[in-house]
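Inspection log for the structure reproduced underneath, given as structure tokens.
Since every read-out is calculated from the coordinates, none of them should be taken as a lab result. Note that the structure is predicted; figures quoted are calculated from it, not measured. Cβ sites come from the backbone with ideal geometry, for glycine too, and all protein chains shown count toward neighbours.
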Amino acid sequence: MAIQSVGVIGAGQMGNGIAHVFAVAGYDVLLTDISQEALDKAVSLIDRNLERQVSRDKITPAVKATAMGHISTTLKLSDLGRCDLVIEAATERETVKQAIFEDLVPHLKPETILTSNTSSISITRLASRTDRPEKFMGFHFMNPVPVMQLVELIRGIATDEPTYKALHEVVEKLGKTSATAEDFPAFIVNRILMPMINEAVYTLYEGVGSVSSIDSAMKLGTNHPMGPLELADFIGLDTCLAIMNVLHDGLADTKYRPCPLLTKYVEAGWLGRKTGRGFYDYRGDTPVPTR
């Protein structure tokens, strides 16, 4: 099936980035959210990010103008029914995703491919709650989407070969690289990354090092561009905790037990950059460690 129109559910950090790259690649993008304010904010952010790419000679002004022309928005989830491909990029909570698919499925064309940008939740389980498990896949983009090269492709137990091949071709058209992952908790990237972040939080919790010393050690000692606690703040501590819980519940191994300090930060509403405080306080001119 030729994919030309793409529906994106969720206008947050991931959704607007996904809409951005698909529009630049020439796809017609329909972005939906429950809030008009969120949609307006997303379109404005896409415009600014495209302008930044123009200023860095990554794209031309003409490409930017064409890409913005490819993007439209709607508050009605049912409007996405006419799309060839739908990408769900809502909150990383399974009940939320299931409710979205339940509302959307009656409006879809029979041939529409349905995907989730989930970073950890079972694709097989999500697919089983729809009418098209064979046309359902995990389509996991990395953050920030316009910058990061990788897309994880995750097949559920029922995903058919034409669906996989179609999405593989889409990734190539986006100018990105795909890695195929089996449908086990957190797939590849987060199966490796999140326990590292969780261990960094344990290192802080146990007093082995401070926030700044832990991040400096990993940046200078292992050549990571960001320290693990700084990266956790960037991702969102609520997202990190959710993925650790998926790993812990799904694999039943105590090595995936979320650090109590990570839980405490989430309980405090200190979720990282998006709330102004996490392992660093972002409310001033320069981030300041909170421990």
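Tell me which GluC sites (Glu not before Pro) from the range 21-129 have a DSSP coil assignment and no more than 13 other beta carbons within 10 Å of their own. Please list the in-between numbers first.
On the way: sites: Glu37, Glu51, Glu88, Glu92, Glu94, Glu102, Glu111; in loops: Glu92, Glu111.
In loop regions of the range 21-129 (DSSP not H, G, I, E or B), the sparsely surrounded GluC sites (Glu not before Pro) are Glu111.
Compared with the dominant principal axis of the Cα atoms in the chain, helix 237-251 is inclined by about 80°.
Database remark: amide H of Val151 closer than 5 angstrom to the amide H of Thr177, Ser178, Ala179 (H placed geometrically; neighbours at sequence offset of 5 or more, or on other chains; Pro and chain starts carry no H). Subtracting the Cα-Cα distance of Thr66 and Asp40 from 0.36 nm times their residue separation leaves 7.5 nm of extension gain.
Largest GNM mean-square fluctuation among Tyr265, Tyr27, Tyr164, using the chain with Cα springs under 10 Å: Tyr265. Sparse packing (at most 11 other Cβ atoms within 10 Å of the Cβ) combined with a DSSP loop state is found for none of the chymotrypsin sites (Phe, Trp or Tyr not before Pro) in the range 191-247.
Order the peptides 131-139, 180-188 from the highest to the lowest mean number of other Cβ atoms within 10 Å of their residues. Before the final figure, lay out the partial values.
Details: 131-139: 21.4, 180-188: 17.2.
Packing order, densest peptide first, comes out as 131-139, 180-188.
With viscosity 0.692 mPa s and temperature 37 °C, the Kirkwood radius over alpha carbon pairs of the range 44-124 converts through Stokes-Einstein to a diffusion coefficient of 219 µm²/s.
Of all aspartates and glutamates in the structure, the ones whose alpha carbon falls short of 15 Å from that of Lys176, not counting any fewer than 8 places away in one chain, are Glu152. Helix 13-24 and the long axis of the chain differ in direction by around 40°, with both axes built from C-alpha atoms. Straight Cα distances below 15 angstrom link Lys58 to the aspartates and glutamates Asp47, with same-chain residues fewer than 8 positions distant left out.
Normalising the Debye intensity of the range 5-181 to I(0), with uniform scatterers on Cα atoms only, and taking log10 at q = 0.12, 0.17 Å⁻¹ returns -0.49, -1.02. Peptides 235-244, 209-218, 60-69 ordered by packing proxy, namely the average of other Cβ atoms within 10 Å per residue, highest first: 235-244, 209-218, 60-69.
Net charge dipole, the chain: roughly 420 debye, given to the nearest 20, about the Cα centre with Cβ charges of +1 for Lys and Arg and -1 for Asp and Glu. Counting only alpha carbon atoms, the long axis of helix 94-104 and the longest principal axis of the chain meet at about 10°. Working note: 222 nm ellipticity from helices only, DSSP H runs with n ≥ 4, each -39,500 (n - 2.57), summed and divided by the residues of the chain, gives -14000 deg cm²/dmol to the nearest 500.
Beyond a 23 Å Cα-Cα separation, which of these cross-linked pairs lie in this structure: Lys109/Lys165; Lys97/Lys173; Lys64/Lys135; Lys76/Lys274? Write down the numbers at each step before the final one.
Values: Lys109/Lys165 19 Å; Lys97/Lys173 27 Å; Lys64/Lys135 32 Å; Lys76/Lys274 26 Å.
The pairs that break the limit, which is 23 Å between Cα atoms, are Lys97/Lys173; Lys64/Lys135; Lys76/Lys274.
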